[in-house]
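> Dumping the structure here so I can ask a few things about it.
Readers should treat all values here as calculations from the given coordinates under stated rules, not as data from a laboratory. Computed from a prediction, not measured in an experiment: that's the story for all the values here. Using ideal geometry, Cβ is built from the backbone for each residue, glycine included, and neighbour counts are taken over all protein chains shown.
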Amino acid sequence: MECNTTTWRIHNIKKQTKREALLKVIKESLGHENFTLSFRDYKRLAILITPEETLPDIIFRNKALDIRKLKREEKALKDIVTPLNTMSYEEQLEKKAKEVSDYYSFLQCTEGQIQMIQSPVQMGYRNKCEFTFGFSNEGKEMLGFRPTKFTSAPNLVADPRECVFNTSEEMLAVVEKINGYLSDRSGYVFNRLTKGGFLRLLVLRRIGEHFINILQVNCETMKEALENPLIMEFAQTLPEDVFISCSTGVFDGILRTADVHQVKGAQKEYKVHLNGCVFQVFPLGFFQVNSSVAEILTKTLQDSIQTDTLLDICCGSGLLGICIAKNTEKKVIGLEISEESINDAKRNAKENGVNAQYCCGSVEKTLPQVLSEIKGGASAVIDPPRSGITDKLVKAITSNPEISEIFYVSCSYTSVFSNIKNIAVHYTLQKIYILDMFPYTKDVECLFHFVRKETSSEKAPETAEIERVEETAEIEKAEEAAP
């Protein structure tokens, strides 16, 4: 069966080993090429995925490789995608609030300093989902979600129809129709071991009043994809607007920078409305997956900011700053490294009539000049990548006396502990808003509001407590990485 694979970990690989040499030995030992090897030159560990359940001794440099089989966890798909689905919504909110409070215990938050904000839409709330083409346990070609890690079963997918907690009925209906189409066909789905087939991924998005499909196919060029009659025939079965993206790489995803070509539907601008603002969103452009909570986030920021100058750090296409400044006299200064995002932000600010200027480049390099020109106080809104910002950038922000308050937005509060710890040395926490952006999952969106301490003599958070939480975070991270 196409999906039945075994995952192995190769231990204690000799130093100075190159992937090409290891690949050659494994290929000769197995007698075929239907396997996947994850290994970088000179590393000591590798992951091997094979169709075999047992392996012969593989001799490398006169010694048998230390190869161990990894166990595959079997869970219901809904328990993987939405692990809190057995809890009432009230229980979920209580659990999430406690976990955030405990994780940041060194901040010594009072009950009034933590505000849990529920999602107005709690079922089928996602406006974007990425589905994978693969094979069922029975070997049938289908579209669904991965029930396990790629390294455990690269071809395995499961029917997502039970994932109603976060996936919209509209999207599930599209998936069901596609699986009906594939049920009496073969050779369409890309096999990640044999490299046959062409359907890899499908992103479904609801952008305002429009529904779009982004189909990733296993082709070297767009020309190759557009000239494949099976791909074009399949694309025409998808609803409304359809875009094609090509990839032959190992990475199982669609990058936001990927080229796309529209093959169905009229060309148009995709726009969303948020708190009285209108934003253009591109097929692969970022937008919060829960629009109803995004509304609350921007309104909370608008109501909380006390100054007339807003530093929008890591501003992206300008969404937060523009929503905050709309219908006010506030000035927005946006900082972002992506030139494409800066151009989007300028266009969005103009369309919404907001007083804004944007600086393109490394934030660490552009921030000092911007800060030197600010007089009379400013509020900083930081909406960084998942991993946070550098310590150097935190220092540049917190050391400037003109920044009277900081609003730090994070979709992964466990990843930004160092940032929050360093901010808390110079600023006092006012409030943590915990926004339930992702009901039925363990994730939340956090908004930390800090104000500058009046004197530098105030004692920083207890070092021992910070170290304890950091150690706990490292342990949890190690446990998650363990097979």
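> Charges on Cβ only, +1 for Lys and Arg, -1 for Asp and Glu, centred on the Cα centroid of the chain; of LEU55, ASN290, PRO120, which one is farthest towards the dipole's positive end?
Final value for the positive-end residue is LEU55.
> Here is the link list: LYS78/LYS140; LYS96/LYS395; LYS177/LYS271; LYS75/LYS149. Which ones come out longer than 18 Å on Cα distance? Intermediate values should be presented prior to the final figure.
On the way: LYS78/LYS140 20 Å; LYS96/LYS395 30 Å; LYS177/LYS271 27 Å; LYS75/LYS149 12 Å.
LYS78/LYS140; LYS96/LYS395; LYS177/LYS271, as the Cα separations exceed 18 Å there.
> 5 Å is the cut-off here: which amide hydrogens, built 1.01 Å from N in the peptide plane, fall below it relative to ALA46, excluding neighbours closer than 5 in sequence?
For ALA46, the qualifying residues are ILE10.
> Compute the Rg/Rh shape ratio of region 52-136: radius of gyration over Kirkwood radius, all on alpha-carbon atoms. Don't jump to the answer; show the numbers that get you there.
Working: Rg = 22.6 Å, Rh = 18.5 Å.
Result: Rg/Rh = 1.22.
> Taking a quarter of the surface of the Cα convex hull of region 6-69, what do you get in nm²?
Numbers: hull surface 14.6 nm².
One quarter of the hull surface, i.e. the mean projection, equals 3.7 nm².
> Also, quick follow-up: Using θ = phi - 60° and the Karplus form 6.51 cos²θ - 1.76 cosθ + 1.60, what ³J(HN,Hα) does each residue of region 336-349 get, whole Hz, x for Gly and Pro?
7, 7, 7, 5, 4, 5, 4, 4, 5, 5, 4, 5, 5, 5
> Another one. Rounded to the nearest 500 deg cm²/dmol, what is the calculated helix-only ellipticity per residue at 222 nm for the chain, with -39500 (n - 2.57) per DSSP H run of length n ≥ 4?
Details: 13 runs with 140 residues, N = 483.
So the calculated ellipticity at 222 nm is -8500 deg cm²/dmol.
> Also: Cross-link candidates for LYS195: which aspartates and glutamates have Cα within less than 12 Å, leaving aside residues fewer than 8 places away along the same chain?
Reachable aspartates and glutamates: GLU2, GLU33.
> Starting from the Kirkwood radius over alpha-carbon pairs of region 128-272, derive D by Stokes-Einstein at 4 °C in a medium of 1.567 mPa s and give it in µm² s⁻¹. Could you put the intermediate results ahead of the total?
Values: Rh = 15.5 Å.
Calculated translational D: 84 µm²/s.
> Compute, for region 128-272, the length of the dipole vector about the Cα centre, with Cβ point charges of +1 (Lys, Arg) and -1 (Asp, Glu) only. Units Debye, rounded to 20. Write out the running numbers ahead of the final one.
Details: 17 positive and 19 negative charges, 69 e Å.
Taking the Cα centre of region 128-272 as origin, the dipole is about 340 debye.
> Quote the Stokes-Einstein diffusion coefficient, in whole µm² s⁻¹, for region 181-224, based on the Kirkwood radius over alpha carbon pairs, a temperature of 4 °C and a viscosity of 1.567 mPa s.
Numbers: Rh = 12.2 Å.
The diffusion coefficient I find is 106 µm²/s.
> Compute the Rg/Rh shape ratio of region 404-446: radius of gyration over Kirkwood radius, all on alpha-carbon atoms.
Rg/Rh for region 404-446 comes to 1.00.
> Turning to a different aspect of this structure: Kindly state, as a whole number, the per residue volume in cubic angstrom of the convex hull around the alpha carbon atoms of region 325-427.
Working: hull volume 10.9 nm³, N = 103.
Dividing the Cα hull volume of region 325-427 by its residue count gives 106 Å³.
> Another one. I need the calculated FRET efficiency for the pair GLU233 and GLN262, taking r as the beta carbon distance and R₀ as 25 Å, to the nearest 0.05.
Values: r = 17 Å, r/R0 = 0.66.
That pair, GLU233 with GLN262, gives E of 0.90.
> In debye, nearest 20, what is the charge dipole magnitude of region 6-69 about its Cα centre with +1 on Lys and Arg Cβ and -1 on Asp and Glu Cβ, if you could check? Please list the in-between numbers first.
On the way: 14 positive and 8 negative charges, 100 e Å.
Roughly 480 debye, rounded to the nearest 20.
> Oh, and also: Using only C-alpha positions, report the orientation-averaged shadow area of the convex hull of region 259-340, nm², one decimal. Kindly include the intermediate steps, with their values, before the conclusion.
Values: hull surface 26.4 nm².
Average projection, Cα convex hull of region 259-340: 6.6 nm².
> Could you give the C-alpha radius of gyration of the chain expressed as a fraction of 2.2 N^0.38 Å, taking N as the number of residues it contains?
Working: Rg = 25.0 Å, N = 483, 2.2 N^0.38 = 23.0 Å.
Output field value: 1.08.
> A follow-up question, please. Determine the gain in length on full extension of the stretch TYR181-ARG68; use 0.36 nm per residue of separation and subtract their C-alpha separation, reporting nm with one decimal. Walk me through the numbers on the way to the answer.
Numbers: separation 113, 0.36 × 113 = 40.68 nm, distance 3.93 nm.
Residue separation times 0.36 nm, minus the Cα-Cα distance, leaves 36.8 nm.
> Place a +1 charge on the Cβ of each Lys and Arg in the chain and a -1 charge on the Cβ of each Asp and Glu, then give the dipole magnitude about the Cα centre in debye, rounded to the nearest 20.
Details: 59 positive and 67 negative charges, 263 e Å.
Result for the chain is approximately 1260 debye, rounded to the nearest 20.
> Calculated FRET efficiency, SER362 and LYS14, Cβ-Cβ r, R0 51 Å, to nearest 0.05?
Values: r = 40 Å, r/R0 = 0.78.
Computed FRET efficiency for SER362 and LYS14 comes out at 0.80.
> Additional query: One-quarter of the Cα convex hull surface for region 103-145, in nm²? If you can, show how the numbers build up before the last one.
Values: hull surface 25.0 nm².
That works out to 6.2 nm².
> Now, a different point. Could you give the semi-axes, largest first, of the ellipsoid that matches region 236-384, computed as the square roots of 5 times the alpha carbon gyration tensor eigenvalues and rounded to whole Å?
Numbers: eigenvalues 197, 69, 33 Å².
Here the semi-axes work out to 31, 19, 13 Å.
> Let me ask you something else. Could you grab the Rg to Rh ratio for region 1-142? Cα atoms only, Kirkwood for Rh. Don't skip to the answer; put the middle values down first.
Values: Rg = 23.1 Å, Rh = 19.9 Å.
Expressed as Rg/Rh, it is 1.16.
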